[in-house]
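The values are calculated or read from the model by the stated rules, or taken from the named source; none is laboratory data. The structure displayed is predicted, hence computed values, not measured ones. Cβ: placed from backbone, ideal geometry, glycine included. Neighbour counts: every protein chain shown.
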Amino acid sequence: MRYVFLTGTNRGLGQAAAETFKDSKIISITRSSVEESENIHKAFSVDFSNADAMEKFIPEIFNSVEPDETDEVYLLNVAGIVDPVKSVSNISAEEMMKNYTVNVVAPTLLIQGFINRFKTFGGEKRIVTVTSGAARGPVEGWSIYCSSKAAVNMIHSVLDKENISQKNNIKSAVFYPGVIDTGMQETIRASDINEFPDLGRFKEYKENKVLRRAEEVAAALHTVVTLDDFGSEASYDVKDYV
Ligand SMILES: NC(=O)c1ccc[n+]([C@@H]2O[C@H](COP(=O)([O-])OP(=O)(O)OC[C@H]3O[C@@H](n4cnc5c(N)ncnc54)[C@H](OP(=O)(O)O)[C@@H]3O)[C@@H](O)[C@H]2O)c1
């Protein structure tokens with residue numbers, strides 16, 4: 001059996017991933033509540049912007065399953081936010097902290113919880129965090145989002161080294177999902193053009209049907225994380241798997 005700890009299960013890419021991983025037992029970790037079902041083995045609710053609550057709750061989440069050595073355990077960090085979409089000169093400290101807590105601290109705490117809980121687990125262990133092209137290219141109005149995803153990439157780069165030196169036996173990578181037709185794109189299209197000069201380009205993505213369906217991206221994510229040699233690359237891009 002494969003146990004998949006999945007964030008963002010209630011909508012967008014995370015919800016599509018939950019459908020795609022029907023072959024697995026999903027342990028859902030969301031802010032908005034999700035019902036346990038045939039597909040969702042267990043469901044936990046916690047607000048990722050509350051780092052203290054996350055830290056206290058995480059052991060309970062990872063202790064909720066008892067895999068044996070023939071099982072596999074995966075962690076898929078999917079949840080994320082784009083806000084604040086504002087120029088650097090206009091962003092409050094609170095807005096910065098909220099984004100970094102949801103996009104960087106929360107997935108890192110989950111990675112930490114996964115490593116520690118499954119330290120002595122001899123089965124297959126895999127971690128994927130969903131990143132963004134914004135990590136590699138600056139976008140006006142997205143300073144916090146771009147830098148949060150760049151931070152996630154670096155955390156994974158360090159993790160790769162530590163996995164080897166600490167003999168964690170964990171395979172991990174980041175996944176570039178491209179542009180997806182989800183609520184995040186609605187948020188982007190609702191941005192103020194004065195804060196986000198690229199607004200027109202993103203409206204055109206929708207009009208010209210450039211955005212990929214979440215189901216298509218989730219299928220690519222499934223292909224990536226179940227590759228026989230998963231982890232041989234530090235990052236995977238959706239365009240190579242659709
Ligand atoms: N959409 C794109 O074009 C695109 C492009 C590049 C990268 N990505 C990345 O892909 C991932 C999935 O994005 P998406 O497009 O599926 O976005 P989405 O439709 O906006 O969904 C975001 C998910 O994150 C969760 N989330 C937000 N704030 C949270 C909080 N405080 N605590 C816990 N969960 C929270 C949401 O839960 P609630 O319903 O409770 O808010 C939701 O499940 C993100 O990491 C995003 O950065 C997306």
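Pull out all pairs, ordered by first then second residue, where Cβ-Cβ is under 8 Å, the residues are six or more apart or on different chains, the first lies in region 76-97 and is more than 16 Å from the ligand (Cβ to nearest atom) and small (G, A, S), and the second is in a strand (DSSP E or B) and at pLDDT 95 or above.
From region 76-97, no pairs qualify.
Of all residues in region 12-24, count the ones that are surrounded by fewer than 17 Cβ atoms within 10 Å (Cβ to Cβ) and not in a helix (DSSP H, G or I).
Total satisfying the criteria: 2.
Here's a check for you: in region 32-46, which residue that is free of Cβ contacts under 8 Å to residues at least 24 places away in the same chain and within 12 Å of the ligand (Cβ to nearest atom) is nearest to G122 (Cα to Cα)?
By that ranking, first place goes to F44.
Please name all residue pairs, on different chains or six or more residues apart, with Cβ atoms under 7 Å, provided the first residue is in region 116-139 and is at pLDDT below 95 and the second residue is among the hydrophobic types (A, V, I, L, M, F, W, C).
Taking only residues 6 or more apart or on different chains, not a single pair turns up.
Looking at (1) more than 16 Å from the ligand (Cβ to nearest atom); (2) in a loop (DSSP other than H, G, I, E, B); (3) farther than 30 Å from G141 by Cα; (4) at pLDDT 95 or above, which one does Y3 not meet, given that it meets all the others?
(2)
Considering each of E162, E140, E94, E124 in turn, give the residue that is surrounded by 15 or more Cβ atoms within 10 Å (Cβ to Cβ), out of contact with any Gly (no Cβ under 9 Å at 6 or more places or on another chain) and among the acidic types (D, E).
E124
Free of Cβ contacts under 8 Å to residues at least 24 places away in the same chain and β-branched (V, I, T) - does that describe any residue in region 48-68?
Looking for residues that are free of Cβ contacts under 8 Å to residues at least 24 places away in the same chain and β-branched (V, I, T), one finds none in region 48-68, hence no.
For the subset of region 177-220 comprising residues that are in contact with a strand residue (DSSP E or B) (Cβ under 6 Å, 6 or more places away or on another chain) and within 16 Å of G8 (Cα to Cα), which member is surrounded by the most Cβ atoms within 10 Å (Cβ to Cβ)?
V217
Looking at region 157-190 only, could you name the residues that are among the aromatic types (F, W, Y) and part of a loop (DSSP other than H, G, I, E, B)?
The answer is none; no residue qualifies.
Picking from T226, T182, T187, which residue would you name as being polar (S, T, N, Q) and away from the ligand (no atom under 13 Å from the Cβ)?
T226
Spot the failing condition for K209; the list is (1) within 13 Å of the ligand (Cβ to nearest atom); (2) more than 21 Å from F118 (Cβ to Cβ), and only one is missed.
(1)
Answer with yes or no whether S49 is surrounded by fewer than 15 Cβ atoms within 10 Å (Cβ to Cβ), at pLDDT 95 or above, within 16 Å of the ligand (Cβ to nearest atom) and assigned to a loop (DSSP other than H, G, I, E, B).
No; evaluated as a whole, the condition is false for this residue.
Going by what's in this entry, would F62 be described as within 15 Å of the ligand (Cβ to nearest atom) and farther than 23 Å from Y236 by Cα?
The answer is no for F62.
Can you name the condition, by its number, that V238 falls short on among (1) over 21 Å from T129 (Cβ atoms); (2) in contact with a Gly (Cβ under 9 Å, 6 or more places away or on another chain)?
V238 satisfies every listed condition except (1).
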